[in-house]
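Heads up: the structure comes next, in structure tokens.
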Amino acid sequence: MLEFNNLENNIAALIQKHAGDIYYSDKYFDDTHEYRHVLLPKELAKIVPKDHLMSEAEWRSIGVQQSRGWQHYLIHEPEPHVLLFRRELNYGQPQQQLQTKDQNKIPARVN
């Protein structure tokens, strides 16, 4: 049990030491999603699971901080320190605002 606690403390210290070195890209978009990538320091990349995509709780636990709704959607094997995230366009926008935007669109064709 002592070894496990020691390992946990070492990981926590590692995360605290390098959390400020995490790089967050600007967002980029397609028709359905917004994307961003996060570059981890090599030391933090060592604790990223290689066998599955991380849940929000997992990526937050290693020091990644971003707003809600982001999903770790792809593992880029050649660069395990690069985490790729996406979320639906207009995530978190109230439905009423989206409907108002649609109503304000200019019709494509007027008869």
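To keep it simple, each residue is scored yes or no on (1) open to solvent by less than 30 Å² (accessible area, probe 1.4 Å); (2) at pLDDT below 95; (3) closer than 13 Å to Leu83 by Cα.
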| site | (1), (2), (3) |
| --- | --- |
| Phe4 | no, yes, no |
| Leu14 | no, yes, no |
| Lys17 | no, yes, no |
| Tyr28 | no, no, no |
| Arg36 | no, no, yes |
| Glu43 | no, yes, no |
| Lys50 | no, yes, yes |
Residues of the range 60-84 being assigned to a loop (DSSP other than H, G, I, E, B) and of a type in the set (Val, Ile, Thr), which ones? Ile62, Val64
Among the numbered criteria (1) within 12 Å of the chain's Cα centre (by Cα); (2) open to solvent by less than 80 Å² (accessible area, probe 1.4 Å); (3) of a type outside the set (Ser, Thr, Tyr), which one does Gln71 miss? (2)
I need the full set of residues from the range 24-70 which are without any contact (Cβ under 8 Å) to a residue 12 or more places away in the chain, in contact with a Phe, Trp or Tyr (Cβ under 8 Å, 6 or more places away or on another chain) and not charged (D, E, K, R), in order please. Tyr28
Scan the range 86-95 and give yes if some residue there is open to solvent by less than 20 Å² (accessible area, probe 1.4 Å) and at pLDDT 95 or above, otherwise no. no
Against the condition of a type in the set (Asp, Glu), out of contact with any Gly (no Cβ under 8 Å at 6 or more places or on another chain), surrounded by fewer than 10 Cβ atoms within 10 Å (Cβ to Cβ) and modelled with pLDDT of 90 or more, how does Asp21 come out, does it pass? no
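The values are calculated or read from the model by the stated rules, or taken from the named source; none is laboratory data. Small disclaimer: the values here were computed from a predicted structure and weren't measured. Cβ: placed from backbone, ideal geometry, glycine included. Neighbour counts: every protein chain shown. Ligands, DNA and RNA are stripped out before the accessible areas are found, and what is left, the full protein with its side chains, is counted by its heavy atoms. Shrake-Rupley method; radii C 1.70, N 1.55, O 1.52, S 1.80 Å.
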